[in-house]
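Single-structure report; data block below.
No value in this document is a laboratory result; all are computed from the given coordinates. Fair warning: this is a prediction, and the values are worked out from it, not measured in the lab. Here the Cβ positions follow ideal geometry from the backbone for every residue, glycine too, while neighbour counts run over all protein chains shown.
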């Protein structure tokens with residue numbers, strides 16, 4: 001649950017330090033007329049209270065970094081191999097340049113490092129706003145940025161507080177619902193799913209859409225046929241192997257990323273399964289390789305480039321106009337190809 005913490009104000013710092021609010025403001029702006037002793041006392045109180053002037057009192061500091069921080073998901077070294085992220089970053093950099101901002105990209109191997117990086121960016125005045133490239137259930141980064149009211153936007157949907165948080169996303173629930181219904185109307189009755197990280201909101205929404213479509217098609221939703229893991233090739237091989245050991249083998253599989261799907265398809269072919277005759281394969285992201293794979297892959301285009309561009313639009317409005325709670329839903333398109341079209 002997203003718990004809104006009490007915001008520490010400039011007045012709180014002034015009260016603790018025994019000085020006026022204007023004195024605290026002058027310390028923040030590094031006014032030379034304030035004595036070193038007073039400055040040290042105010043800074044100590046700010047630290048003890050967890051008060052960050054660049055996050056909470058930006059109006060008191062005229063300095064502007066002209067830079068937007070972009071926080072990649074953890075293990076981003078592998079994430080950059082996924083076509084979604086370079087395409088979204090292309091949209092971000094293109095629109096940021098037009099808006100007069102530079103981009104500071106943060107890559108982390110450990111999830112626990114993301115919040116530390118965000119705090120460092122804010123406290124050192126390195127950025128004017130932050131874009132999170134993913135959103136988790138009970139996301140500590142979202143909670144922190146909301147609590148200090150620092151300008152930020154998410155590519156994805158927040159777990160809670162969507163009416164207060166700037167975010168741009170697809171309708172992942174509906175996209176997966178439509179993809180599943182398409183497969184059921186093609187006569188597929190035993191459908192498995194290889195999803196992404198269960199802690200991610202995108203995975204949660206896609207599983208919900210998958211379940212609803214099966215129920216409306218009078219097909220049983222089997223939780224044991226929903227496999228969750230990373231967005232990488234290893235996940236594709238691992239779960240494709242498990243799926244082929246099922247009796248009977250599912251006649252279709254929805255995979256929530258093309259990169260994962262490519263690995264699954266290779267394994268199916270190694271085991272002499274015919275696609276789509278024996279098992280249909282549908283995926284997400286519509287990467288350029290999806291149309292040139294063998295067979296060409298049915299895939300949902302989530303418009304990663306547009307997601308990146310719109311994220312910049314949101315964060316610029318948050319920085320320059322103080323806007324919060326803006327939501328943009330970009331359209332998706334299902335490209336139907338040979339991996340599901342057996343006619």
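Segment residue 103..residue 90, full-extension length gain: 3.6 nm, with 0.36 nm per residue of separation and the alpha-carbon distance subtracted.
Taking all Cα pairs closer than 8 Å and separated by 6 or more residues, the relative contact order of the range 73-176 comes to 21 percent. How far is helix 84-98 tilted, in degrees, relative to the longest principal axis of the Cα atoms in the chain, given as a value from 0 to 90 rounded to the nearest 10? Its long axis makes an angle of about 40 degrees. Taking the C-alpha atoms only, the angle from helix 258-270 to the longest principal axis of the chain is near 30 degrees.
Spatial offset of the range 191-241 relative to the range 114-177 amounts to 24 Å, using the alpha carbon center of each. Protection proxy ranking for 233-240, 99-106, using the average of other Cβ atoms within 10 Å per residue and placing the highest first: 233-240, 99-106. Relative to the longest principal axis of the chain, what angle (0 to 90°, nearest 10) does the C-alpha long axis of helix 36-49 take? Between the helix axis and the principal axis of the chain, the angle is about 30 degrees. Based on C-alpha pairs under 8 angstrom that are at least 6 apart in sequence, the chain has a relative contact order of 18 percent.
Gain on full extension, evaluated as 0.36 nm per residue between residue 124 and residue 241 minus their Cα-Cα distance, stands at 37.3 nm. Cα-based radius of gyration for the chain, normalised by 2.2 N^0.38 Å, reads 1.17.
The packing ranking of peptides 209-220, 290-301, highest mean first, is 290-301, 209-220, where packing means the average number of other beta carbon atoms within 10 angstrom of each residue.
Packing order of peptides 182-192, 39-49, highest average first: 182-192, 39-49 (average count of other Cβ atoms within 10 Å over each peptide's residues).
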